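Every number here is computed from the coordinates shown, using simple stated rules; none is lab data. Just so it is clear, the structure is predicted and the values come from calculations on it, not from any experiment. We place every Cβ from the backbone using ideal geometry, glycine too, and count neighbours over all the protein chains shown.
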Amino acid sequence: MENFFDGMKTKVGVPTAQLARVCLIGMFDLANRYGAARFGNLVKLTATITVKRQPVVALSPSQVKIVRRLLRADTYCQRSGIADMVDLMLGTGARIGEVVVLRWKHFDLDADIPTLLIEATAAWGDGKSVYAQPYPKGGPQARRRLKLPRWLAEVMSTRRDRMPREPEDLVFPSRNGTIRHPNTARQSINDARDRVGLIELPMNPHTYRKTVGTKIGHQDIEKAAAQLGHSTSEVTKRHYVAPAVEGPDAREYLEDFADTVDEFIAEVEDYVASFADPGQD
């Protein structure tokens, strides 16, 4: 049993191995109650699997601007749509699977407050090609209409004006006009990173999502959760918001430590005077 879990850790990751152990413990408990587990719940004898929490990595505002400028300055990144795709993720926090299935009908760019409707995500398997699952990763309740920042609305309006834009047309189609596979989109982003020399910066869709979560979450964690489509803010806080590096404003409490020149001279004079001979003028 230990070897089985060790193999899972190597092949599919520690979190999956941890989940498998939890499921097997439950299954053996049930079997034990019905007398089907001859030797009891042996899974409980295996070592506990602990998932080490990785620190949340998010881009700073200055890093975001560097990424955007370099991608937009590269002809390939512009023509392939990668620059616009990255902009969309940085301006909304949408998942890569939610982005590749977007159609122009999901945008309302001409409204006073431009919006984007997230209502689907990419799915595949069972021999099927990539298709749009009719609800986001978090389920039907994760559908959300996001208000777009001005700069992103301008980016998407420019894209709309230079390509086919019927309501059912994909915003980021593959070369064949079909839905891009999320893994292919990720690889394209990695290639773009190498092209523009951003090797030192974390360049992946999940980092962009955490960047949005961190930027909003430091001001309003509930709003960040709603933006990202999380059912509770606890998930957002734990996995999508980097720790704040700016400390509290405690200046008012520390001002008493100030040591001005006048105060210093006065204190020295008082100190010296305390040793003076009382009998002398």
Based on alpha-carbon atoms only, what is the radius of gyration of the stretch 108-197 relative to the globular estimate 2.2 N^0.38 Å? 1.24
For the chain, calculate the relative contact order in percent as a whole number, restricting contacts to Cα pairs under 8 Å that are 6 or more residues apart. 18
Return one number: the angle in degrees, 0 to 90 and rounded to the nearest 10, between the long axis of the Cα atoms of helix 14-33 and the longest principal axis of the Cα atoms of the chain. 70
Do the sum for the chain: with -39,500 (n - 2.57) for every DSSP H run of n ≥ 4, divided by all residues, what is the mean residue ellipticity at 222 nm, to the nearest 500 deg cm²/dmol? -14500 deg cm²/dmol
Approximate spin-label separation residue 72-residue 29, in nm, with each point projected 7 Å along Cα-to-Cβ: 5.4
According to the square roots a ≥ b ≥ c of the eigenvalues of the Cα gyration tensor, what is the shape class of the stretch 61-239, taking rounded for a/c under 1.5, prolate for a/b larger than b/c otherwise, and oblate for the remainder? rounded
Could you name the lysines in cross-link range of residue 65, using Cα to Cα under 30 Å and dropping any fewer than eight places away on the same chain? 105, 137, 147, 210, 215, 223, 237
Cβ charges +1 (Lys, Arg) and -1 (Asp, Glu), total dipole of the chain, debye: 3240
Between 252, 168, 269, find the one with the highest GNM mean-square fluctuation for the chain; connect C-alpha pairs within less than 10 Å. 269
